[in-house]
Amino acid sequence: MSSAIGWTRVVVALSAALVVAPSALGGPDWVEVGDAGSDYQTGQAPRPLASGVLSTIAGSLGGRGVDLVDAYIIGVADPVAFSFEIETAGFDAQLFIFHITLAGGAYGLLANDDRALDDMRPRVLPVATDGTSVVLDLPGDYLIAISGRGYNPISATGLIFDLMNPTEISGADGPGSLNRHIGWSGEGGGGDYQIELTGAEFPTVPTPAGGAVALGGLVLALRRRRPVGNSQG
């Protein structure tokens, strides 16, 4: 099946769902189209119909060695107030945010596994708490990613983040911290998730892969509701 035919079927199916189920409106600002990629080149860029505020992204990871990470380009409108977190997920999740360079690469910025010892839901604030002094202090577009615990981003020189302390908001402090993100390593998990964002907006430019999902995104951006697992991530 060609990619064009495949995306046409996705858009037609979503349009039909909206026609027969209008009560589904009012859900997340963006729902993953197909499978969001795992890096800057293949991640999804949510596209708005109206408001620039981006508050929620919903999606699903497959787990079991397939679809272990989803990445999205978002805009940060208010760095001081910015945060993103998981309130509901069907697995033990962790979150990452990367700085995007003009050359099109992504470099590790901040990450979190658990927000507290008794709360495994991840939350990333704009300031690291691990002594690295990393601060997200500029508005603009960034790459965020969600994976299951243990599946971590790498560069050519190794792990980008050292997440030995699961409750810290980690700056990029691993052996691969100074180099461009090129992939992922380890074992993860899967399930449904919803990412909650504060101080964020829709990105100003799409990812390189964004054109393929733009039409489907306009349908999904009508805030179609998607069920999310009830267990903590």
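A few comments on the model shown:
- Relative contact order of the stretch 100-201, pairs being alpha-carbon contacts under 8 Å that are 6 or more residues apart, as %: 31 percent
- Put in order of Cβ neighbour count within 10 Å, fewest first, the listed residues Trp184, Trp30 become Trp184, Trp30.
- Stretched out straight at 0.36 nm per residue, the stretch from Met164 to Thr42 would grow longer than its current Cα-Cα span by 41.1 nm.
- Per-selection metrics, the stretch 29-208 (Cα): Rg and Dmax in Å: 14.5, 42
- Difference of contour (0.36 nm per residue) and Cα-Cα distance, Leu117 to Leu178: 19.1 nm
Each value in this text was obtained by applying a stated rule to the coordinates, not by laboratory testing. The structure displayed is predicted, hence computed values, not measured ones. Glycine also receives a Cβ, built like all others from the backbone with ideal geometry; neighbour counts cover every protein chain displayed.
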